[in-house]
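Peer 1: My questions will all concern the structure given below.
No lab work stands behind these numbers, since they all come straight from the coordinates. Computed from a prediction, not measured in an experiment: that's the story for all the values here. Cβ coordinates were reconstructed from backbone atoms using ideal geometry, including for glycine residues, and neighbour counts include every protein chain displayed.
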2 protein chains.
Amino acid sequence: MALIFVTSNRHKFEEVSELAARHGIELEHRGTPYIEIQADNLEDVVRPSAQQACALLKQPCFVEDAGLFVQALRGFPGPYSNFVFRTLGNEGLLKLMAGETDRRAEFRSAVGYCEPGQRPEVFTGKVKGTIAPEARGMRGFGFDPIFLVENMDKTFGEMEISEKNKFSHRAQAIEAFFSWYEQREKA
Amino acid sequence: MALIFVTSNRHKFEEVSELAARHGIELEHRGTPYIEIQADNLEDVVRPSAQQACALLKQPCFVEDAGLFVQALRGFPGPYSNFVFRTLGNEGLLKLMAGETDRRAEFRSAVGYCEPGQRPEVFTGKVKGTIAPEARGMRGFGFDPIFLVENMDKTFGEMEISEKNKFSHRAQAIEAFFSWYEQREKA
C-alpha cells in the first residue's frame with residue numbers, strides 16, 4: 001500500500017520521493033489542506049497536523065514541517081519560516097544579519113505520522129550551518145540559498161536533491177520515520 | 001454576570017479593563033492557555049481560539065489577537081508579531097526598515113467571542129500609522145514604541161492607556177464587540 005505524504009509543497013515532495021525510492025517505498029501525494037498551530041517547536045506543530053490530516057483522509061498519512069533557526073536571532077524565523085520567506089525573503093534575512101559575526105544557524109525538520117484512531121508519532125532531524133554572506137545557488141527552495149552547510153563550502157541552494165538528501169534535516173527526519181515504518185511493517 | 005477575557009497578556013487585560021469600565025461591564029480574567037493556528041488573517045486565528053477557550057471553560061468568553069502589518073514588508077510581522085517581538089524586538093524591525101522610504105504600517109486587532117455550542121462571533125479594528133525612525137516611549141507593549149499613529153506625532157509607547165484607548169485597533173475591535181454584546185443583552 002502506498003504511503004501518503006500530505007503537503008502543498010512540491011519541492012518537499014520531490015525530496016522525500018527520492019528518499020522513498022531508495023527504500024522501495026511507494027509514495028502517494030495529497031494536497032489536502034490541514035491546520036498548523038503556532039508553537040515554538042516543530043514537534044508541537046506537526047503532532048496535531050498529522051492527526052488532523054489523518055482524520056480528514058481517514059487513512060494513515062504523514063506531514064512534515066521545517067524551519068531555519070538562527071542563533072543570533074533567538075531562533076527566528078523558526079516555525080514561521082514559510083511566512084517569513086514569503087514576506088521578507090532571503091534579502092530580508094540577510095539584512096537582519098548585516099554586521100552580525102555569530103552567523104550560526106540550524107535547519108530543523110519534524111515529521112508527524114498518524115493512523116486513524118492512534119496518537120501521532122514524531123521524528124526529527126537537524127543540520128548545523130551558518131547564514132551565508134549572500135544568496136548562492138538556484139536549487140532547493142525557501143532559505144536554502146543562504147544556508148551554508150557546516151564543513152562544506154556549499155549552500156543548500158547549490159546542491160542537487162540527491163546531495164542534499166545525504167544529510168539534510170528533512171532527510172534525517174524522513175530516514176528515522178522510514179526505518180521505524182519498515183521495522184513495523186515487518187513485525 | 002462577569003464577561004470572561006482569556007489572555008496571558010496583562011497589558012491587554014489592562015487596556016480592555018479600562019474600556020469595560022466605561023461600559024459598566026464587569027470583566028473577569030482567565031489565563032487558560034488556548035491554541036492559536038497559523039493564518040495570514042487575524043480573523044482566522046481568533047475564530048478557532050475563541051471556540052477552544054470556550055470549550056475548555058464551558059462558559060461564554062472572548063479572546064483577542066493583534067498584529068503589526070508593515071506595507072513594505074508585505075504584511076510582516078502580521079499574525080506572528082508576538083514571536084517576532086520576542087526574537088527580533090523593536091531593534092530588529094527597525095533594522096529591516098533601514099533605508100526604507102515607505103514606512104506605512106497598520107496595527108490590526110480581532111476579537112473572538114464564543115458561547116458553548118455556538119459559532120464564534122468576530123469583531124475587528126485597525127489603525128494606520130508609520131514605523132518610527134527609532135523607538136519612543138516606555139508605555140504600552142510589543143511594537144508600541146515604534147508605531148507612530150497617523151496624524152499624531154506620538155507613538156503608542158508615548159500614550160497612557162486612556163489615550164491609546166480612544167482610537168487604537170484593539171479599542172475599536174473591543175468597542176464593536178461590546179456594542180454588539182450590550183444590544184444582545186437588552187434584546
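Peer 1: Between A:THR101 and B:ARG22, what is the spin-label point distance in nm, taking each point 7 Å from the Cα along the Cα→C-beta axis?
Peer 2: Going by the 7 Å Cα→Cβ label model, 5.1 nm.
Peer 1: Determine the dipole magnitude for segment B:111-159: charges of +1 sit on the beta-carbon of Lys and Arg, -1 on that of Asp and Glu, nothing else is charged, the reference point is the Cα centre, and the result goes in debye to the nearest 20.
Peer 2: Dipole size: approximately 40 debye.
Peer 1: Let me ask something else. Based on Cα coordinates alone, diagonalise the gyration tensor for chain A, multiply each eigenvalue by 5, take square roots, and list the semi-axes in whole Å, largest first.
Peer 2: 29, 18, 14
Peer 1: Could you work out the local net charge near A:PHE178, counting Lys and Arg as +1, Asp and Glu as -1, over the other residues with Cβ closer than 11 Å to its Cβ?
Peer 2: Once all neighbours under 11 Å are counted, the net charge is -1.
Peer 1: Can you give the relative contact order of chain A as a percent, counting alpha carbon pairs under 8 Å and 6+ residues apart?
Peer 2: 19 percent
Peer 1: Once you charge only the Cβ atoms, +1 for Lys and Arg and -1 for Asp and Glu, what is the size of the charge dipole of segment A:3-186 about its Cα centre, to the nearest 20 debye?
Peer 2: It works out to roughly 140 debye.
Peer 1: Can you pull the mean other chain C-beta count within 10 Å for peptide B:73-84?
Peer 2: Other-chain Cβ atoms within 10 Å of each residue's Cβ, averaged: 5.
Peer 1: Along Cα→Cβ at 7 Å, what distances in nm separate the A:GLY24 label point from those on the other copies, shortest first?
Peer 2: Sorted ascending, the copy-to-copy spacings read 7.9 nm.
Peer 1: Which lysines, if any, have their Cα less than 18 Å from the Cα of A:LYS164, not counting same-chain residues under 8 positions apart?
Peer 2: A:LYS12, A:LYS126, A:LYS128, A:LYS154
Peer 1: Amide H neighbours of B:GLY75 under 5 Å, counting only residues 5+ apart in sequence or on other chains, H built in-plane at 1.01 Å?
Peer 2: B:VAL70
Peer 1: How large is the charge dipole for the protein assembly as shown, taken about the Cα centre, if only the Cβ atoms of Lys, Arg (+1) and Asp, Glu (-1) carry charge, to the nearest 20 debye?
Peer 2: 60 debye
Peer 1: Enumerate cysteines in chain B without a disulfide-compatible partner, where compatibility requires another Cys Cβ under 4.7 angstrom.
Peer 2: Taking the Cβ cut-off of 4.7 Å, the unpaired cysteines of chain B are B:CYS61.
Peer 1: Let me ask another. Would you mind ranking B:SER109, B:SER17 by Cβ crowding within 10 Å, fewest neighbours first?
Peer 2: B:SER17, B:SER109
Peer 1: To make sure I understand, if each residue's beta carbon is the centre and we count other beta carbons within 10 Å, what order do A:THR101, A:THR32 fall in, fewest to most?
Peer 2: Placing the least packed residue first, the sequence is A:THR101, A:THR32.
Peer 1: If I take R0 = 22 Å and measure r between the Cβ atoms of A:ARG86 and A:GLU134 in this structure, what FRET efficiency does the formula 1/(1 + (r/R0)^6) give, to the nearest 0.05?
Peer 2: Given R0 = 22 Å and the Cβ-Cβ separation, E is 0.60.
Peer 1: Between copies, how far does the label point of B:GLU185 sit from its twins, in nm, shortest first, when each point is 7 Å from Cα along Cα→Cβ?
Peer 2: Output for B:GLU185: 6.1 nm, nearest copy listed first.
Peer 1: In addition: Quickly estimate the mean residue ellipticity at 222 nm for chain A, helices only: each DSSP H run with n ≥ 4 gives -39500 (n - 2.57), and the total goes over all residues, rounded to 500.
Peer 2: One gets -11000 deg cm²/dmol as the mean residue ellipticity at 222 nm.
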